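Working notes, structure below.
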Amino acid sequence: MVSAPYPTHRLIPSQYPPIGLFDTVATAADLDAVLELTGWTNDRLVAHRLARLPQSERVFGRPNSSIILAAFLHAAPDGGRFNGPDLGAWYATAELNTAIAEVGHHLRRELVARGLATGRRTFRAYRARLAGSFETLPPSRRELLSATSWAASQAYGEARRAAGATGIAYPSLRHQGGSCFCAYRPSLIDDVIQAEHLAITVTAATSRIEVSRL
């Protein structure tokens, strides 16, 4: 078990606006009403994910509650390394450079898939406090850090979430020496503040990542 440092860092594409719909919600009943009114539950998958999130973990009434909830309710179609598509998780890093390396890698993969030579995307950086203790990976389970498949790590992560784990700490595959965290409990993600705006440019043919602050 390890504790996450403070702050941790997370990058979110700027195309997703930081609308604080749930930051001033006062009760759980109000949260459900706001979700319905805003259309968050119009998407069948979002409604399904909300049902999987315990009421005690539906954060509201504090700054950037919407940013936290979005990480869990608007999961990627293929999931993440330690979560399946049915419910998202909050991924963060101990250092900003590690977060840049991680998103740069995935942006490059997108370029290759689309047959593009270069790509540029802007991100908002968020800093947060991750409370609780994070499990480290068993040394014998090297497949959990596979560079080509998330099948084993998703099954492992969802089993740990079902068992009540706070989250998982693991080494970055994209930034040597970097540390990453997968947090499963929204209620333990706190002090979320928006920080830098970054423009990240990558090329499909090289590993170079160019970063500029906006």
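The values are calculated or read from the model by the stated rules, or taken from the named source; none is laboratory data. Values in this document were obtained by computation on a predicted structure and should not be read as measured data. FYI the Cβ positions are ideal-geometry reconstructions off the backbone, even for glycines, and counts take in every protein chain you see.
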Considering the stretch 73-86, residues that are buried (at least 19 other Cβ atoms within 10 Å of the Cβ) and at pLDDT below 95, and then whichever is farthest from residue 191 (Cα to Cα), we arrive at 75
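Filter the stretch 146-155 down to residues that are at pLDDT 95 or above and over 17 Å from the mean Cα position of the chain (by Cα) and give me whichever is surrounded by the fewest Cβ atoms within 10 Å (Cβ to Cβ).
Going through the qualifying residues, I end up with 149.
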In the stretch 88-119, how many residues are free of Cβ contacts under 8 Å to residues at least 60 places away in the same chain and either over 28 Å from residue 191 (Cβ atoms) or part of a loop (DSSP other than H, G, I, E, B) (or both)?
6
Pairs, please: C-beta under 6 Å, at least 6 apart or cross-chain, first residue within 14 Å of residue 128 (Cβ to Cβ) and in the stretch 1-23, second in a loop (DSSP other than H, G, I, E, B) and at pLDDT 60 or above?
5/94
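Conditions (1) among the hydroxyl-bearing types (Ser, Thr, Tyr); (2) not in a strand (DSSP E or B), marked per residue:
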position: 143; (1), (2): no, yes
position: 148; (1), (2): yes, yes
position: 158; (1), (2): no, yes
position: 173; (1), (2): no, yes
position: 177; (1), (2): no, yes
position: 181; (1), (2): no, no
position: 194; (1), (2): no, no
position: 206; (1), (2): yes, yes
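Out of the stretch 157-193, which residues are of a type in the set (Gly, Ala, Ser), closer than 23 Å to residue 105 by Cβ and surrounded by fewer than 22 Cβ atoms within 10 Å (Cβ to Cβ)?
169, 172, 177, 178, 179, listed by residue number.
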Top-ranked residue in the stretch 45-68 [being of a type in the set (A, V, I, L, M) and under 21 Å from residue 163 (Cα atoms); ranked as farthest from the chain's Cα centre (by Cα)]
51
Can you find a residue that is within 23 Å of residue 202 (Cα to Cα), under 14 Å from the mean Cα position of the chain (by Cα), of a type outside the set (D, E, K, R) and modelled with pLDDT of 95 or more anywhere in the stretch 128-143?
no
What is the one condition in (1) part of a helix (DSSP H, G or I); (2) buried (at least 17 other Cβ atoms within 10 Å of the Cβ) that residue 128 does not satisfy?
(1)
